[in-house]
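Asker: Structure incoming, see below.
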Amino acid sequence: MCGIVGAVAKENVVNVLIDGLKRLEYRGYDSAGVALLDEHACIQRVRMPGKVRQLEDELEKNPANGRVGIAHTRWATHGVPNQRNAHPHVCQKSVAVVHNGIIENFEHLKQAQQADNYSFTSDTDTEVIVHQLHKYMAAENDLYKAVCATVKDLEGAYALGVISTEEPETLVTARRGSPLVIGLGEQANYIASDVAALISETQRFIYLEEGDVAVLRPGGVEIYDGNGQRVEREIHQSSLKADAVERGEYAHYMLKEIYEQPHAISETLEGRLGEGKVLESAFGPKAADIFDSIKQVQIIACGTSYHAGLVARYGFEALAGIPCNVEVASEFRYRRAAVLPDTLFVTISQSGETADTLAALRASKEMGFAHSLSICNVPESSLVRESDLVLMTRAGPEIGVASTKAFTTQLVALLLLIIVLGRRHQLDEGLEARLVEQLRQLPLMVEQVLKLDDVISKLAIRFGDKHNALFLGRGEQYPVAMEGALKLKEISYIHAEAYAAGELKHGPLALVDAQMPIVVVAPNDELLDKLKGNLQEVRARGGELYVFADVESGMEEVDGVTVINVAPTDKAISPIVFTIPLQLLSYHVALIKGTDVDQPRNLAKSVTVE
């Protein structure tokens, strides 16, 4: 899940590379580096541990120039984050490579290369790639052919950017299993892991397919498929604007993205709601026929997206009346699942490149699932391209590692799916019309909840000296509690766990004392009275309760119980509404703790490796 950028142009590209790395830093920030071919066709390499700003500072002190270059921001897989393991990697001062992915057979290649007297200067799997490239360059004296020969030797996933002193106006790139785009400019062409890295340079992009190898020069791009045949790939015009990936007036991307949720939800609903109904054509021209045959749903996702799936399960079974199973992608892909007929295989992913989710989708086709549907935020992603049906969330770029607007728009998209499938089973027109009206009101309701920001920022002070926290919820609010706990642990490093409130007496009560804050989600629903009973169990043991409660729930503040009133919501959309204050809580606690809100330690945004 590292980020790579490359450029070949008629002028110095170092600023393009650094700007691209900054926009890709959500993918990894353990170390960063650049390699450029200077005017003498020599490789200049600068690498630094830490974030891109450390690399930028070093380049100010020791400038590097070149019209061809590659750059990398790293999330460590093989080898600790330090300078020697930072990319680009170079062999014999003649060939350099940046790599996103994991090479599974690197140990076998390394042994063979050591027998050929190649020396290793890092602990990474990537270094075997650059040595293999050097070997084939010596034999072929052709960079494209050397890359083609090298990738045949690699097992695993990769997106590569390669330059060589032998071809000083050429950049070669290849991909398998990791995302890569080509940006088309005027007398300049680019590569990157994500469109966002290049949006200030171009809005014309080509998305490489599995196994593609491309040769970039200032005047053009040649693309070859996995069989070595010259191919043409479609050119896409991106609508993404440069300011969409800037923080603007906000102190952090996470806060910006929290406040963008009313707009993101509106965008996700735009054109998908008719008069009292959901327009199922939003899922694609084949959707109606496919939905007619569906009798159950299998959801696959990771992390925050998995929590969205868990929320949706309640709706699929209670509203739509169809069975729904939800599983973590990394578990599903490695077990032998029983496949029921007429099952819709639903994948959820912000990036559409999550390695385990993508692998699960591919496995599902071999396992015999009837049809697949992707709920995703990136239109040109691998997950979208490989699914039968797609519903885009339209959240816009999400840069903060802790997902916010991607999660809430996923919940919206899943509710749309629940409705269109439910009308084929037990959801009547009257209920559908009420749900549609709730969805129309949802952006305004989220705006109202955002007004709690000041109240929550003051509340967060009480978490400043805490090291542990419990989150409680019942029914569909239990996954919301799970998401709240995940957010807190991700960015504040407080150990936080979520439990179904009814499970307290089965173990978690042993943890409760005056030093353990308990965060509770309390909508006004049929489980409210049972939840109140659970909270009494906590108070009886000295626990400090922080209750986000529907204003109509009747929750009252007493000693040891702090109540934060949330606008009343209906059951179907309450998980979305109650998610917002938990996001704000985690954000403000992280500020108090002094952690890196947007780039928490050890994490990266898009998990494109296992």
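The values are calculated or read from the model by the stated rules, or taken from the named source; none is laboratory data. Note that the structure is a prediction, hence the values are computed from the model and not measured. Every residue, glycine among them, receives a Cβ derived from its backbone with ideal geometry; neighbour counts consider all protein chains shown. Surface accessibility is based on the protein's heavy atoms, side chains included, excluding ligands, DNA and RNA. Shrake-Rupley method; radii C 1.70, N 1.55, O 1.52, S 1.80 Å.
Asker: Cut-off under 19 Å on the C-alpha distance; same-chain residues fewer than 8 positions from Lys277 excluded. Which lysines are left, in chain and number order?
Answerer: Of all the lysines, those that pass the test against Lys277 - Cα under 19 Å, at least 8 places apart if same chain - are Lys286, Lys571.
Asker: With the full set of protein chains in place, find how many percent of the accessible area of the range 367-427 is carbon and sulfur; take the probe as 1.4 Å.
Answerer: 50
Asker: Considering only protein heavy atoms, what per residue accessible area in square angstrom results for the range 269-339 with a 1.4 angstrom probe? Write out the running numbers ahead of the final one.
Answerer: Details: 3240 Å² over 71 residues.
That works out to 46 Å² for each residue.
Asker: In the range 176-217, what percent of the accessible surface is made up of carbon and sulfur (1.4 Å probe, ligands and nucleic acids excluded)? Numbers along the way, then the final one.
Answerer: Working: 440 of 1160 Å².
Here carbon and sulfur together make up 38 percent of the probe-accessible area.
Asker: Determine the calculated [θ] at 222 nm for the chain from helices alone, applying -39500 (n - 2.57) to every DSSP H run no shorter than 4 residues and normalising by the residue count; nearest 500 deg cm²/dmol.
Answerer: Details: 18 runs with 208 residues, N = 610.
That calculation yields -10500 deg cm²/dmol at 222 nm.
Asker: Among [x] 26.1; [y] 25.4; [z] 27.5, only one was calculated for this model; which label is it, if the read-out is Kirkwood radius over Cα pairs in Å?
Answerer: Recomputing Kirkwood radius over Cα pairs in Å here gives the entry labelled [y].
Asker: When ranked by the protection proxy of mean other Cβ atoms within 10 Å per residue, highest first, what sequence do the peptides 195-204, 484-493, 421-430 form? Walk me through the intermediate numbers first.
Answerer: Values: 195-204: 21.4, 484-493: 24.7, 421-430: 15.5.
Top to bottom by mean Cβ count within 10 Å: 484-493, 195-204, 421-430.
Asker: How high is the FRET efficiency between Asn227 and Glu107 when r is their beta carbon distance and R₀ equals 30 Å, given to the nearest 0.05? Write down the numbers at each step before the final one.
Answerer: Values: r = 29 Å, r/R0 = 0.95.
It comes to 0.55.
Asker: Going by average Cβ density within 10 Å per residue, which order do the peptides 566-576, 143-153 take, highest to lowest? Spell out each step's value before the answer.
Answerer: On the way: 566-576: 21.5, 143-153: 19.5.
Per-residue mean Cβ counts within 10 Å order the peptides as 566-576, 143-153.
Asker: Using the Cα gyration tensor of the range 1-142, with a ≥ b ≥ c the square roots of its eigenvalues, what is the shape: rounded (a/c below 1.5), prolate (a/b larger than b/c) or oblate (neither)? List each step's numbers first, then the result.
Answerer: Working: a/c = 1.99, a/b = 1.27, b/c = 1.57.
In terms of gyration-tensor shape, oblate.
Asker: Would you calculate the separation in nanometres between label points at Ala337 and Glu155, each defined as 7 Å from the Cα along the Cα-to-beta-carbon direction?
Answerer: Taking the two extended label points, one gets 2.6 nm.
Asker: Which shape class applies to the range 115-195: rounded if a/c is under 1.5, otherwise prolate when a/b exceeds b/c and oblate if not, where a ≥ b ≥ c are the square roots of the Cα gyration tensor eigenvalues? The partial results should precede the final answer.
Answerer: Working: a/c = 2.07, a/b = 1.39, b/c = 1.49.
Taking the square roots of the gyration eigenvalues as a ≥ b ≥ c, the range 115-195 is oblate.
Asker: Which whole-number percent is the relative contact order of the chain (Cα, under 8 Å, 6+ apart)? Numbers along the way, then the final one.
Answerer: Values: 1399 pairs, mean separation 73.4, N = 610.
It comes to 12 percent, rounded to a whole number.
Asker: Between Ala41 and Asn65, what is the label-point separation in nm under the 7 Å Cα-to-beta-carbon projection?
Answerer: For the pair Asn65/Ala41, the computed spacing is 1.9 nm.
Asker: Quick one: if you stick a label point 7 Å off each Cα along the C-beta vector at Ala288 and Ser200, how many nm between them?
Answerer: So the label points at Ala288 and Ser200 sit 4.8 nm apart.
Asker: Here's something else I'd like to know. Listed highest first by mean packing, meaning other Cβ atoms within 10 Å per residue, what order do 335-343, 370-378, 387-395, 179-187 come in?
Answerer: On the way: 335-343: 12.0, 370-378: 24.9, 387-395: 22.8, 179-187: 20.6.
Averaged packing, sorted descending, gives the order 370-378, 387-395, 179-187, 335-343.
Asker: A further question follows. Need one word for the range 163-224: rounded, prolate or oblate. Basis is the Cα gyration tensor (sqrt eigenvalues a ≥ b ≥ c); a/c below 1.5 gives rounded, then a/b vs b/c decides.
Answerer: On the way: a/c = 1.77, a/b = 1.07, b/c = 1.66.
Taking the square roots of the gyration eigenvalues as a ≥ b ≥ c, the range 163-224 is oblate.
Asker: Got a number for carbon plus sulfur as a percent of the range 237-347's accessible area, 1.4 Å probe? Show your work: numbers first, answer last.
Answerer: Numbers: 2540 of 5140 Å².
Percent of accessible area from carbon and sulfur atoms in the range 237-347: 49.
Asker: While we're on this one: Kindly report the accessible area of the range 1-114 per residue (heavy atoms of protein chains, probe 1.4 Å, no ligands, DNA or RNA), in Å². Intermediate values should be presented prior to the final figure.
Answerer: Numbers: 4460 Å² over 114 residues.
Ligands and nucleic acids excluded, the result is 39 Å² per residue.
Asker: Still on this structure: Assuming R0 = 51 Å, can you tell me the calculated FRET efficiency for the pair Glu186 and Gln441, based on Cβ-Cβ distance, to the nearest 0.05?
Answerer: Numbers: r = 47 Å, r/R0 = 0.92.
Plugging the Cβ-Cβ distance into 1/(1 + (r/R0)^6) gives 0.65.
Asker: Let me ask another. How high is the FRET efficiency between Asn141 and Ser281 when r is their beta carbon distance and R₀ equals 51 Å, given to the nearest 0.05? Please list the in-between numbers first.
Answerer: Values: r = 55 Å, r/R0 = 1.07.
E(calc), rounded to 0.05, equals 0.40.
Asker: Return the lysines within reach of Lys10: Cα separation strictly under 27 angstrom, same-chain partners fewer than 8 residues apart disregarded; answer none if there are no such residues.
Answerer: Answer for Lys10, where 27 Å is the Cα cut-off: Lys22, Lys61, Lys93, Lys145, Lys241, listed by chain and number.
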